[in-house]
Amino acid sequence: MTSTRFPGITSRAGRPAFVVNVEVFLERDGRWLFIERGAHESQAPGALAGVGGKVEGDPVINVVFTGRMPATASPAIAAPGEVAAMEWLTVREAEAHPNCPSWILGTLRRLASE
């Protein structure tokens, strides 16, 4: 069985296969937590992204969650090779950031308007 929408993209079991990317956009006091992807990442090195996720090919299904970060929580980088830095940005700051991809901005704008 092959995918009719994406012919030839199948798992070893013959089912349609997709890469699933999961990101979480956490907000605290009008600012959103971003990671800066590591310089040696194969996909979008140095780019800003939400927390989590992994993309290794196409087609990609992007699953996005949002939530409020408690004031007492302190995020930490668990995989320094994959994440170079973390920073809290407003929507306006993210829009002005040279390493914030358009697809991240689109997601952020939708989340911030809810």
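Of note:
- Of the GluC sites (Glu not before Pro) in region 41-104, the ones in a loop by DSSP (not H, G, I, E or B) with at most 12 other beta carbons within 10 Å are GLU56.
- GNM top mover of GLY50, GLY38, GLY30 - the chain, alpha-carbon springs below 10 Å: GLY30
- Selection from GLY67, MET86, ALA17 lying farthest towards where the dipole of the chain points positive, charges on Cβ: ALA17
- Ellipticity at 222 nm from helices only: DSSP H runs of n ≥ 4 in the chain, each -39500 (n - 2.57), divided by the residue count, give -4000 deg cm²/dmol.
- Cα gyration tensor of region 64-114 - equivalent ellipsoid semi-axes, whole Å, descending: 20, 16, 11
- Axis of helix 102-112 versus longest Cα principal axis of the chain: the two differ by about 60°, to the nearest ten degrees.
- Near-label residues of region 57-96 by backbone N, under 13 Å of a point 7 Å along Cα→Cβ of GLU114: 63-68
- Antiparallel DSSP beta bridges within the chain, as percent of all bridges there, nearest 5: 55 percent
- For the chain, the longest site-free run once trypsin sites (Lys or Arg not before Pro) in DSSP loop states with at most 15 other Cβ atoms within 10 Å are removed: 55-114
- At R0 = 22 Å, FRET efficiency that the Cβ-Cβ distance of ALA79 and ARG28 yields, to 0.05: 0.50
Every read-out reported here was derived from the displayed coordinates using simple, explicitly stated rules and does not represent laboratory data. Everything numeric in this text was worked out from a predicted model, so none of it was measured. Counting neighbours? That spans all protein chains shown, and the Cβs are built from the backbone with ideal geometry, glycine included.
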